[in-house]
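**Student:** Can you keep this structure in mind? I'll have questions shortly.
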Amino acid sequence: NAGVTQTPKFRILKIGQSMTLQCAQDMNHNYMYWYRQDPGMGLKLIYYSVGAGITDKGEVPNGYNVSRSTTEDFPLRLELAAPSQTSVYFCASSPRDTYEQYFGPGTRLTVT
Amino acid sequence: GNSVTQMEGPVTLSEEAFLTINCTYTATGYPSLFWYVQYPGEGLQLLLKATKADDKGSNKGFEATYRKETTSFHLEKGSVQVSDSAVYFCALRGSNYQLIWGAGTKLIIKP
């Protein structure tokens, strides 16, 4: 069981570029989440999904898009990167019954 | 609406000291409560949880009791180690399949 995996671990983007952060889980969890964590701060929910084909906005969705074509994968797309998107991005998943969230190791993104 | 309030950090203690990190919540009903820990450079990990009032969660020497009278879920450990240095997050089960997170408390343990 790999749990929740994220790629890449680090990335530097130039302003205006786009990229996709990958997230996959092998625990057959229904729910998946994307958070960002700014330095010294807590977590902010970007998007979440309750199952394949179903996604919804969280607290800070602007500038991001997601898709969920399979139970396992939940990629996060950044369009037209801005310095305000410099952050650490965490993907998480949880089973339907307990709501316990399992986190990936994170992607550290810098936009310059 | 639901919310979680944690004590501000950083909390700095000497090794073997007693630890308390305060967490209070506002919620409808009695949702499950969680403590997560984030070690430097890593993702969050579930530390312990309590699913109903008066439950005590425990793990790795840490404990927290779900107290509905004071709407609290304080994290305690009797004797901390340098390896406990991390950021600790309190959370409650909210609606829409989400967890409601506290802001996190950074713990620094000095040898």
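The values are calculated or read from the model by the stated rules, or taken from the named source; none is laboratory data. As the structure is a computational prediction, the values presented were derived from the model and not from experiment. With ideal geometry, Cβ positions are generated from the backbone for all residues, glycine too; neighbour counts draw on all protein chains shown.
**Student:** Any residue in segment B:18-33 that's in contact (Cβ under 8 Å) with a residue 40 or more places away in the chain and under 15 Å from residue B:52 (Cβ atoms): show its pairings with residues that are buried (at least 19 other Cβ atoms within 10 Å of the Cβ) and charged (D, E, K, R) at Cβ separation under 7 Å, as long as the two are six or more apart or on different chains.
**Tutor:** If the second residue must be buried (at least 19 other Cβ atoms within 10 Å of the Cβ) and charged (D, E, K, R), the pairs left are B:31/B:93; B:32/B:49; B:32/B:93; B:33/B:49.
**Student:** Criterion first (within 14 Å of chain B (Cβ to nearest Cβ) and within 24 Å of residue B:46 (Cα to Cα)) does residue A:68 satisfy it? Working first, answer last.
**Tutor:** On the way: within 14 Å of chain B (Cβ to nearest Cβ): yes; within 24 Å of residue B:46 (Cα to Cα): no.
In short, no.
**Student:** Restricting to segment A:48-64, count the residues that are closer than 22 Å to residue A:80 by Cβ, among the small types (Gly, Ala, Ser) and over 12 Å from the mean Cα position of the chain (by Cα).
**Tutor:** Final tally of qualifying residues: 1.
**Student:** Suppose the filter is assigned to a loop (DSSP other than H, G, I, E, B) and exposed (fewer than 13 other Cβ atoms within 10 Å of the Cβ); does residue B:95 pass it? Reasoning before the result, please.
**Tutor:** Working: assigned to a loop (DSSP other than H, G, I, E, B): yes; exposed (fewer than 13 other Cβ atoms within 10 Å of the Cβ): yes.
Spelling it out, residue B:95 is indeed assigned to a loop (DSSP other than H, G, I, E, B) and exposed (fewer than 13 other Cβ atoms within 10 Å of the Cβ).
**Student:** Then there is this: Would you point out which residue out of B:70, B:12 is among the hydroxyl-bearing types (Ser, Thr, Tyr), surrounded by fewer than 21 Cβ atoms within 10 Å (Cβ to Cβ) and in a loop (DSSP other than H, G, I, E, B)?
**Tutor:** Matching residue, one of B:70, B:12: B:70.
**Student:** Test residue B:41 against the stated conditions and say whether it is free of Cβ contacts under 8 Å to residues at least 12 places away in the same chain, more than 12 Å from chain A (Cβ to nearest Cβ) and either out of contact with any strand residue (DSSP E or B) (no Cβ under 8 Å at 6 or more places or on another chain) or in a strand (DSSP E or B) (or both). Walk me through it before giving the result.
**Tutor:** Details: free of Cβ contacts under 8 Å to residues at least 12 places away in the same chain: yes; more than 12 Å from chain A (Cβ to nearest Cβ): no; either out of contact with any strand residue (DSSP E or B) (no Cβ under 8 Å at 6 or more places or on another chain) or in a strand (DSSP E or B) (or both): yes.
Answer is no for this residue.
**Student:** May I ask you to list the residues in segment A:85-99 that are farther than 12 Å from residue A:33 by Cβ and either out of contact with any Gly (no Cβ under 8 Å at 6 or more places or on another chain) or at the interface with another protein chain (Cβ under 10 Å from one of its Cβ atoms) (or both)?
**Tutor:** Of segment A:85-99, the ones farther than 12 Å from residue A:33 by Cβ are A:85-88, A:95-98.
Correct list: A:86, A:87, A:88, A:95, A:96, A:97, A:98.
**Student:** Which one of these does residue B:75 not meet: (1) modelled with pLDDT of 95 or more; (2) among the hydrophobic types (A, V, I, L, M, F, W, C); (3) touching a Lys or Arg at 6+ places or on another chain (Cβ under 9 Å); (4) within 18 Å of residue B:49 (Cα to Cα)?
**Tutor:** The number of the failed condition is (3).
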